[in-house]
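The values are calculated or read from the model by the stated rules, or taken from the named source; none is laboratory data. For clarity, every value in this text was computed on a predicted model and none was experimentally measured. Methodologically, a virtual Cβ is constructed for each residue, glycine included, from the backbone with ideal geometry; neighbour enumeration extends over all protein chains shown.
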Amino acid sequence: MPWKKNKLKTCDVRNPALSIIETLNEFQPAMIGSYPTALELLVPEQEAGNLHVHPAIIMTGGEYLSEDVRKRLSHAFGCYVQTNYSCTEGGIVACECTEHHFHINDDWVILEAVDENNRPVPLGTQSSKVLLTNLANKICPIIRFEITDRIVMGSGSCPCGNSKPWLTLEGRTDDILTFENGIKIPPLSLYAILKEVHGIRRFQLVQTAYNRLELRLIADDRQAAFAQARQALKNYLNQNGVSAELLLSEKIPEASPISGKYKHIIAKQG
Ligand SMILES: [Zn+2]
């Protein structure tokens with residue numbers, strides 16, 4: 001969109017923090033949109049005065065926005081913080097209202113809340129997953145595509161006045177990784193790198209020590225996929241001043257035995 005050329009600026013979340021801060025300070029955006037974990041890393045920079053921007057609104061997406069991060073962002077940047085429910089296969093499928101309900105863009109997608117066996121669950125009941133049908137994508141049919149998010153379809157009208165159906169969401173909660181020298185890396189960057197590795201069907205990156213990462217993999221060829229993933233991660237981490245050992249784990253990716261939640265990126269505990 002040429003008319004937006006001077007009004008919109010993008011920066012890659014995989015860039016070093018300093019470069020992102022410089023870009024934002026120079027551009028002075030009225031609105032900032034990004035992943036919650038990428039924005040969370042900017043909070044101490046804004047508080048320290050290295051970053052000095054004053055957006056009217058922050059819009060997050062792509063990851064779950066916790067209440068804690070919402071409050072910290074709102075306090076540091078002095079503005080309203082909103083989020084949406086989005087995914088690669090559906091785009092922005094639902095937008096959050098002032099009641100913190102996600103109103104579904106139902107002219108764009110069909111969302112079905114189902115149990116493990118793809119049977120519909122009643123309104124007000126938490127689903128095991130979601131089936132997404134994209135009504136707008138005329139190039140690649142996406143019909144009842146399985147997403148591993150747990151949602152609850154709302155019953156009754158929403159006090160905000162929006163008449164579209166709404167849901168609440170149990171979020172994806174990948175961790176920010178902190179390394180020995182205090183450098184923090186957002187999970188979405190690592191997720192984006194691993195998602196591009198050919199042959200990986202499922203992965204989980206676990207930080208077992210401050211300078212050691214283990215990759216759990218399900219892949220067509222584990223050794224080949226690991227070699228490619230290792231190189232890509234090493235390059236990215238080196239660019240960000242992190243030197244870490246990367247190992248192929250004997251374990252396969254698994255959900256937390258306590259919460260039942262599945263994480264792609266898990267930080268060192270304690
Ligand atoms: Zn509402």
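Summary table below
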{"quantity": "Residue in region 133-142 that is away from the ligand (no atom under 13 Å from the Cβ), within 19 Å of the chain's Cα centre (by Cα) and of a type outside the set (D, E, K, R) present", "calculated": "no"}
{"quantity": "Top-ranked residue of region 80-97 - restricted to ones that are among the hydrophobic types (A, V, I, L, M, F, W, C) and in contact with a Leu (Cβ under 8 Å, 6 or more places away or on another chain), ranked as farthest from the ligand (Cβ to nearest atom)", "calculated": "Cys87"}
{"quantity": "Verdict on Ala76 being surrounded by 13 or more Cβ atoms within 10 Å (Cβ to Cβ) and not assigned by TED's automatic domain parsing to the domain that holds Ser34", "calculated": "no"}
{"quantity": "Restricting region 98-132 to residues that are more than 14 Å from Phe145 (Cα to Cα) and aliphatic (A, V, I, L, M), the residue that is farthest from the ligand (Cβ to nearest atom)", "calculated": "Val121"}
{"quantity": "The one condition in (1) over 16 Å from the mean Cα position of the chain (by Cα); (2) more than 16 Å from the ligand (Cβ to nearest atom) that Glu170 fails to fulfil", "calculated": "(1)"}
{"quantity": "Residues (more than 14 Å from Val242 (Cβ to Cβ) and under 21 Å from the mean Cα position of the chain (by Cα)) located in region 199-217", "calculated": "Ile200, Arg201, Arg202, Phe203, Gln204, Val206, Glu214, Leu215, Arg216, Leu217"}
{"quantity": "Members of region 230-268 that are at pLDDT 90 or above, more than 19 Å from Ala209 (Cα to Cα) and among the small types (Gly, Ala, Ser)", "calculated": "Ala232"}
{"quantity": "Criterion (small (Gly, Ala, Ser), over 24 Å from Leu41 (Cα atoms) and in contact with a strand residue (DSSP E or B) (Cβ under 7 Å, 6 or more places away or on another chain)) met by exactly one of Gly154, Gly161", "calculated": "Gly154"}
